[in-house]
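The values are calculated or read from the model by the stated rules, or taken from the named source; none is laboratory data. These numbers come from a predicted model, not from an experiment. Virtual Cβ from ideal backbone geometry, glycine too; neighbours counted across all protein chains shown. For accessibility, only protein heavy atoms count, side chains too; no ligands or nucleic acids. Shrake-Rupley method; radii C 1.70, N 1.55, O 1.52, S 1.80 Å.
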Amino acid sequence: MSEYLPFLVVGLTTGAVYGLAALGLVLTYRTSGVFNLAHGAIAAAGAYLYYQLHVINGWPWPAAMALSLVICGPVMGIAVEAVMRQLVRKQLATIVVGTVGLLLLILGALFVKFGPVNRPFPDFLADVVPGGFTVSTVFVRWAQVVTFGASLAAALALYAVLRFTRTGIAMRAVVDNAELLGLAATNPIRMRRVSWSLGCTFATLSGILLAPKVGLDATLLILLVVYSFGAVAIGRFARLPLTFMGGLVIGLLESLSTKVFTDPPLNGVPPAIPFLVLIVALLVTPARHLPGHIGRSTAIVRERRLRLSPRWSVAGAVTGVAVLLAVPAFAAQRLTLYSTALSYTIMFLSLGLVVRVSGQLSLCHAAFFALGATTFFHLTHDLHLPWLVAVVGAGLVTVPLGVILALPAIRVSGIYLALVTFGFGVLMQNVLFGTWIMWGTHDHAFGARPRLGSLDARNDQTMYFVTLAVALAAVLLVTVVTRCRLGRLLRALADSPLSLTTNGLGVNVTKVLVFCVSAFLAGIAGSLYLVNVQAVTRGAGFGPFDSLTWLGLLVMVSGAGLVPSAFLAGFLLVVAPGYLGGLTVEWQTLIFGAGALVAVLSAETDLSGWLAGREREEKSRSPLQTRRWAAPVAS
């Protein structure tokens, strides 16, 4: 037992900070109706501000701590509340995209200011309270005791405020009936500002306390705070004491697992433990215990869009294809960038099919993309299959992953599906990416250029046309899907799943089908990406933050329509940086996040019109006419 004692001490200390971050998240969710996916980004911003003041500017740590908590607490809380107030009446998918945009905006700003490097972060508590004491054979630092005590004290103070003070009662009442609270001479907006200020303060404090553990790295800090999502799920998104206990449980499980799982690929399990807890908690908790009314609009408002006549639509499509065919004439040495952009176009078509057409949320499409790339490598390099067979095979092998992801979509939706898919992406990155499961015994994955009969695509120009042909075939497939009965059923699913069910139509098979088609296209996109870039290094797999960036970019350009926005997103992601040398990944993250947030906030109506890809049709067919694609209602 003594051999596990050090891990228990570390787990309790870290878990207390996770619980602290989770309390702030629950507080803002229960008082505003917005589950803030940017909670970790706010924590990272607080840690960076403290670093700027204390380390770079030389401020004493108490002054730097106080100013960081004030600026990233009340000040940022008021600013974020003003943004989220515009989202709360929109559809759940719109709210999620808005918080993703805010996360990318803050992350990009931190990257641009400080760079995407890990900096050593001083453990100020070790200097304030040096030394410690011994329990059995384990040395416990006073800094660990202070961290645990401060987190516990903050949790108890928050519980007491909400339970026994007038302000706390008003903060709880603002969720149940804001109008009635206003009639009681209490401003609901002021109560929400107080809640967001407290929530952001808790996030900032957790970021400063976690930074000495991993260093000053925005991505790692965001991911650590995201670990608290599992604690929120344990607390059923509402119960503060249970949420804090959930943070302790996650900290203990994560720490103890580092003792048990030491050999690859299982050594990637410990960082994934919080997301395993999150997924399991969401899937086993009865749906009636998950808040479902928060953040839903009372009516679906469709966005008015300018519809082109068939003649103009055909003319635009022909013009677009002509421009794509003419790319080799002016691209010169940048032709590979255009080919890579076309592979990303297929990926954006895949993501758009799930997000825009069916209204589902997927934050792990990078996992499909990476699996398609490595599968293509094994099929061509190890099994020596023909090139075209390997491309299709990469898509087919990815389909079972889509089925696995569709199973949670049958049970949960909205923010809960977003959390499950994000957790799934983290699991893929930590457990599978970089291991023999995806790479075998190789350190690199190489993309073989095709030889189709007399066609040799080892030169860039021929490879561009091959990629263009596959991209156009993907466009044709998506167009057929969206215009057939399945497409109409998917749009109806985005409008109102309950309406389909009450009309005798099941939605489970439909959700599975759309995730399967989407995974198939993403796998093909990954294989073409590998072919065009020629090589991908082990461990350089695409992670969940890439999925967030892709979603933000897709929403930013989504007003162009499903197919045009996929091409536009692919070219903005790959080709634009090739011409604009200053458009680095850091600036891309900032711009895509800001663009997604502006697109959400500037829409006169609910963005679900974009996300679900719905258009007004005078004579749209009833969902009852699509029974052939529907599954029978479960008894």
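For the reader, a short list of remarks on this structure follows.
- Each helix, a run of at least 4 DSSP H residues, gives -39500 (n - 2.57); summed and divided by the residues of the chain, these come to -22000 deg cm²/dmol at 222 nm.
- Probing with 1.4 Å while keeping every protein chain in the model, the per residue accessible area of the chain equals 41 Å².
- Entries of Lys90/Lys213; Lys113/Lys259; Lys113/Lys213 with Cα pairs more than 26 Å apart: Lys90/Lys213; Lys113/Lys259
- With all protein chains in place and a 1.4 Å probe, the accessible surface of the chain carries 66 percent carbon and sulfur.
- Ordering of 310-321, 575-586, 44-55, 116-127 by packing is 44-55, 116-127, 575-586, 310-321, highest average first (other Cβ atoms within 10 Å, averaged per residue).
- Of the DSSP H helices in the chain, those with a Cα length along their own long axis of 24 Å or more and a mean Kyte-Doolittle hydropathy reaching 0.5 comprise 5-32, 92-114, 142-164, 188-214, 240-260, 310-331, 335-352, 387-411, 460-483, 508-533, 562-579, 585-602.
- Peptide packing for 423-434, 545-556, 6-17 was compared via the average number of neighbouring C-beta atoms within 10 Å per residue; ordered from the highest value, the list is 545-556, 423-434, 6-17.
- Scoring 558-570, 132-144, 523-535 by mean Cβ neighbours within 10 Å over their residues and listing the highest first yields 523-535, 558-570, 132-144.
- Using the Cβ-Cβ distance between Val480 and Leu580 with R0 = 41 Å, the FRET efficiency computed as 1/(1 + (r/R0)^6) comes to roughly 0.70.
- Calculated SAXS-style log₁₀ I(q)/I(0) at q = 0.21, 0.26 Å⁻¹ - segment 542-588, Debye, Cα scatterers: -0.74, -1.01
- Estimated translational diffusion coefficient (Stokes-Einstein, Kirkwood radius over Cα pairs, 4 °C, 1.567 mPa s) of the chain: 51 µm² per second.
- When the Cα gyration tensor is reduced to axis lengths a ≥ b ≥ c, the ratio a/c is 1.5 or higher for segment 200-250, and with a/b above b/c it is classed as prolate.
- Cα gyration tensor shape for segment 1-100, rounded if a/c is under 1.5, else prolate or oblate: oblate
- In a DSSP loop and with at most 10 other Cβ atoms within 10 Å, the trypsin sites (Lys or Arg not before Pro) in segment 406-489 are Arg458.
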